[in-house]
Amino acid sequence: MLRPHLIIDAPLAALAVAAAPTLGWGPAAAAAVGLSAGIHSLAVAHPRCSLYGRVIWRIPATTTVALTFDDGPDPEVTPHLLDLLAAKSVTATFFLIGANAARYPALVRRIRSEGHGLGLHSMTHSRWFCAWPSARVRRDLEDNRAVLSDLTGEAPPDWFRPPVGLRNPLITRVAADLGLTLLTWTANGRDTQGGTDRAILQRLSPGYIPGGILVLHDGVEPGRGPARTACPRLTAQTLEALNARSLTPGALPSSRGFDDGGRD
Ligand SMILES: [Zn+2]
């Protein structure tokens, strides 16, 4: 857990000391602190940055592109999405919010019975998840696992996508201790932020590559609305775009083989 500080902050501190006779102590320290904050912000938020431990943002290059849906299940949207996926004979992976799963158990069972994969996405999708102490993160993920395994009667999922994809060394460590594999994405439609279908599909397009991982949202955080009713329509358009590129949509593979990350 000290590694990020050793490889980033220690050299910056040394640079500040070296630059101090020229710049003065105040400006040298301020520059080092600013650079450190910038680098650590990137490590928290950038979906491909593994400074805080390995994170999966792409699956092994094949012709498959992983379709993933976050924040569900949702009674207004998820059934239509499942209908579409069934009609197209496509499977996907659903990163479920534990509280939503507990509220709509039949949807969770339907997702599994139709061959889709599941992942953890925290119990309530708190915006403060990344600021929680490790004991609380651990409790939340254990609850998220228990909800899903109780509902499905299966072993809990190994994939874990943190809320908004934000990580820190504590989250990375807890996830590794629980045997979870951290995952972000190749391209996020950011459909939660609105925008036209065209803009959302444009944001997804960098993920139209072999092994790409795409994210759309079929659910909403508990207590927040409105329902993501555009999700099935956006998914249909995404499937067309993948088909035009001879790419095959599908669920994530097993996390086995990816699970060496997070321990540093
Ligand atoms: Zn989410």
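Summary of values
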| item | result |
| --- | --- |
| Selection from the range 215-228 of residues that are modelled with pLDDT of 95 or more and more than 14 Å from the ligand (Cβ to nearest atom) | none |
| Among the residues listed as 48, 58, the single one being exposed (fewer than 14 other Cβ atoms within 10 Å of the Cβ) and within 20 Å of residue 204 (Cβ to Cβ) | 48 |
| Unique residue being within 16 Å of residue 66 (Cα to Cα) and of a type outside the set (Asp, Glu) when the list is 166, 216, 180 | 216 |
| Where a residue in the range 96-119 is under 24 Å from residue 213 (Cα atoms) and touching a residue at least 12 places away in the same chain (Cβ under 8 Å) and its partner, wherever it lies, is of a type in the set (Asp, Glu) and in a helix (DSSP H, G or I), with Cβ under 7 Å and at least six apart | 98/143 |
| Failed condition for residue 86, given (1) touching a residue at least 40 places away in the same chain (Cβ under 8 Å); (2) of a type outside the set (Ser, Thr, Tyr); (3) in a helix (DSSP H, G or I); (4) surrounded by fewer than 18 Cβ atoms within 10 Å (Cβ to Cβ) | (1) |
| Residue identified as of a type in the set (Lys, Arg) and within 14 Å of residue 70 (Cβ to Cβ) among 161, 139 | 161 |
| Filter result for the condition that a residue is within 16 Å of the ligand (Cβ to nearest atom) and more than 15 Å from residue 217 (Cβ to Cβ), over 67, 96, 148 | 148 |
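The values are calculated or read from the model by the stated rules, or taken from the named source; none is laboratory data. Given the structure is predicted, the values throughout are model-derived calculations rather than measurements. Here Cβ is always computed from backbone atoms with ideal geometry, including for glycine, and neighbour counts include all displayed protein chains.
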